[in-house]
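K.L.:
This is the structure I have questions about; it appears just below.
The values are calculated or read from the model by the stated rules, or taken from the named source; none is laboratory data. Predicted model only: the values in this text are computed from it and were never measured. Note that each Cβ is placed from the backbone with ideal geometry, even for glycine, and that neighbours are counted across all protein chains shown. The protein model used for the area step is the full one, side chains on, heavy atoms only, and it has no ligands, DNA or RNA in it. Shrake-Rupley method; radii C 1.70, N 1.55, O 1.52, S 1.80 Å.
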Amino acid sequence: MTYILAIDQGTTSSRAILFDRTMKIAAVAQEEFTQHYPASGWVEHDAADLWSTTAGTCREAIERAGIAPADIAAVGITNQRETTVVWDRKTGQPIHNAIVWQDRRTSNLCTELKAAGHEPMVTETTGLLLDPYFSGTKLRWLLDNVEGARARAEAGELAFGTVDTWLIWRLTGGKLHVTDATNAARTMLYDIRKGEWSTNICDLLDIPMSLLPEVRDSAADFGMTRPDLFGREIPILGVAGDQQAATVGQACFGKGMLKSTYGTGCFALLNTGPEPVTSQNRLLTTIAYQLDGTPTYALEGSIFIAGAVVQWLRDGLKIIRAAPETQGLADAADPAQDVVLVPAFTGLGAPYWRPDCRGAVFGLTRNSGPAEFARAALESVGFQTRDLLEAMHADWSGADDAVLRVDGGMSASDWTMQFLADILGASVDRPEVKETTALGAAWLAGMQAGIYPDRDEFAKTWALDRRFEPAMDDATRDAKYARWQAAIAATQTVT
Ligand SMILES: Nc1ncnc2c1ncn2[C@@H]1O[C@H](COP(=O)(O)OP(=O)(O)O)[C@@H](O)[C@H]1O
Ligand SMILES: O=P(O)(O)OC[C@H](O)CO
């Protein structure tokens, strides 16, 4: 039997998943690691933890499946995006903790750069906005704040990478300093049209280009794993950022196909084909995947809080013990109350991009309780998705016939998916395979290894678990969405 090992290095845990020759899951291992919050709005990971949990879960998955390393044809990597690591090329030692995508420490720098009029050039080049979310200003912060970092960078001693690059460096024993186009597209340093690092932006941010990795296709040769890691060298043949890997795993290969992943946050990607579409509504333009040297572009809407609002009900408000309890509570909520929750806990992402905003609740009465909070929390995920889809439709007519394909942990919530269909007034498709992110990475590697089918045949294997059809009448839908829009507007006035 032949297997593909998919590594899914996420924000809260590292996972390793073995897929067999027929793309079925043979074994899974998962390990959480510590989140570091050194100051308000700062989020860091120890890069050594990212590596050790990745290596550990890979070994565990192989052991669980009871297979020999010789049975693994290739490794595919998918990862939390934007998170920024800098290390010494000689020793392999990171110079600082990784700065995580959620980290807002460069808000002021972004505001200054915007005020100086640089955002149009940044957007035109990278498809992104001047927001602390992306790697560029995080890298600049490290160079400015870690003692000696700038001098070492200028001397060519340091390497920068997103998490894929860091893991490949470790997996190959420091032989390769590479990334793929989807991860490069999240750095705010990459020209997504020309397919090269942008000298203009590196000059603007004062970043020596010697820090940057070589950029390859998403299915390509990313080197061999060190023989001592898994008992033999295994080729790394696929790499994509996690949201892009989910787009691939959902087989959204056609122009106009759309997926939304509901994990901690929510990320909707709309395949716009071989030409990038520039958003007029503050969505991101990004690379969905790059195969045979040709990028396929996407419009992306990124929401920072989706499943995390359910974690807040559990860990913050302590009104549930486990996420699935929200379903019963939401069903029991008083229909006469219309509590609206705007979960801007870490600011608002697309299409508002207000890192300074914080959450708000509207419509509380003396009778409002856990049930109304739970319903408002689940509804907030539907409302935020509608905001993204409204922006996509306004940006590009090719979005008009798209049926939304959903995945991620929170897509297990039937209540939330039904509300999503209701508030969108459109069908929502949930596939049988929920591990779409890992499947996307596995397919890239397995296809490159020649053991998995080509794009068209792979797309035919996508299978529906359940289609949610809208059941809400138009007047209710319109009234509810109008109320959400009013709540969002009010939230933005109080910071
Ligand atoms: N049945 C459920 N109802 C509501 N939310 C859920 C349910 N199951 C999982 N979630 C939410 O989904 C998220 C986990 O999804 P996952 O895809 O594992 O996230 P990530 O990859 O970002 O860690 C959690 O935030 C959790 O609160
Ligand atoms: O690790 P996740 O699943 O929360 O995804 C994080 C995204 O890649 C951030 O852009």
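K.L.:
Enumerate the calculated ³J(HN,Hα) couplings along region 347-361 in order (Karplus 6.51 cos²θ - 1.76 cosθ + 1.60, θ = phi - 60°), each rounded to whole Hz, writing x wherever the residue is Gly or Pro.
P.N.:
x, 9, x, 4, x, 8, 6, 10, x, 8, 6, 10, x, 8, 10
K.L.:
Given the -39500 (n - 2.57) contribution per DSSP H run of 4+ residues, what per-residue ellipticity at 222 nm results for the chain, rounded to the nearest 500 deg cm²/dmol?
P.N.:
Helix contribution divided over all residues of the chain: -10500 deg cm²/dmol.
K.L.:
Quick check on packing: order 55-63, 108-116 by the mean number of other C-beta atoms within 10 Å, highest mean leading.
P.N.:
Descending mean neighbour count gives 55-63, 108-116.
K.L.:
What does the highest-first list of 178-185, 410-417 look like by mean Cβ count within 10 Å?
P.N.:
Listed from highest to lowest mean packing, they are 178-185, 410-417.
K.L.:
Right, next: Check cross-link reach from LYS480 to the aspartates and glutamates: straight Cα distance under 12 Å, and skip same-chain residues fewer than eight apart.
P.N.:
Leaving aside aspartates and glutamates fewer than 8 places away in the same chain, those within reach of LYS480 are ASP338, GLU379, ASP422.
K.L.:
Just flag the trypsin sites (Lys or Arg not before Pro) in region 296-357 sitting in loop per DSSP whose Cβ has no more than 15 other Cβ atoms within 10 Å.
P.N.:
LYS318, ARG321
K.L.:
What percent do you get for the relative contact order of the chain when only Cα pairs under 8 Å and 6+ apart count?
P.N.:
Computed over the chain, the figure is 15 percent.
K.L.:
Can you grab the distance from the C-alpha centre of region 49-86 to the C-alpha centre of region 424-495, Å, no decimals?
P.N.:
26 Å
K.L.:
Helix 436-449 against the longest principal axis of the chain: what's the angle in degrees, Cα atoms only, rounded to the nearest 10?
P.N.:
30 degrees
K.L.:
Sequence-distant or interchain residues sharing an amide H contact under 5 Å with ARG405, placed H: which?
P.N.:
Those qualifying (amide H under 5 Å, at least 5 residues apart or on another chain) are LEU258, LYS259, SER260, ASP429.
K.L.:
If you don't mind, there's one more thing I want to ask. For region 286-302, what does the Karplus curve 6.51 cos²θ - 1.76 cosθ + 1.60, with θ = phi - 60°, yield as ³J(HN,Hα) per residue in whole Hz, taken in order and with x for Gly and Pro?
P.N.:
Once θ is set to phi - 60°, the couplings for region 286-302 become 9, 9, 6, 6, 10, 10, 6, x, 10, x, 10, 9, 9, 8, 10, x, 10 Hz.
K.L.:
Still on this structure, I have one more. Per residue and in Å³, how big is the convex hull formed by the alpha-carbon atoms of region 52-159?
P.N.:
155 Å³
K.L.:
For the chain, report the accessible area per residue in Å² (1.4 Å probe, heavy atoms, rounded to an integer).
P.N.:
37 Å²
K.L.:
Computing the accessible area with a 1.4 Å probe over protein heavy atoms, can you report the carbon and sulfur percentage for the chain?
P.N.:
48 percent
K.L.:
Give the long-range amide H neighbours of ILE95: residues separated by 5 or more places, or on another chain, with amide H under 5 Å away, using H modelled in the peptide plane at 1.01 Å from N.
P.N.:
When sequence neighbours closer than 5 places are left aside, the close amide H contacts are VAL86, TRP87, ASP88.
K.L.:
Any chance you could check the Cα centroid distance between region 118-158 and region 171-198 for me, in angstrom?
P.N.:
For region 118-158 versus region 171-198, the Cα centre distance is 14 Å.
K.L.:
Compute the Rg/Rh shape ratio of the chain: radius of gyration over Kirkwood radius, all on alpha-carbon atoms.
P.N.:
Ratio value, two decimals: 0.95.
K.L.:
Please give the helix 474-493 orientation as an angle from the longest Cα principal axis of the chain, in degrees from 0 to 90, rounded to the nearest 10.
P.N.:
The helix 474-493 is inclined about 70 degrees to the chain.
K.L.:
Next question, about the same structure. Can you list residues from other chains, or at least 5 along the same chain, whose modelled amide H is less than 5 Å from the amide H of SER198?
P.N.:
TYR190, ASP191
K.L.:
Could you pull out the pairs from LYS259/LYS460; LYS24/LYS259; LYS194/LYS259 whose alpha carbons sit more than 19 Å apart here?
P.N.:
LYS24/LYS259; LYS194/LYS259
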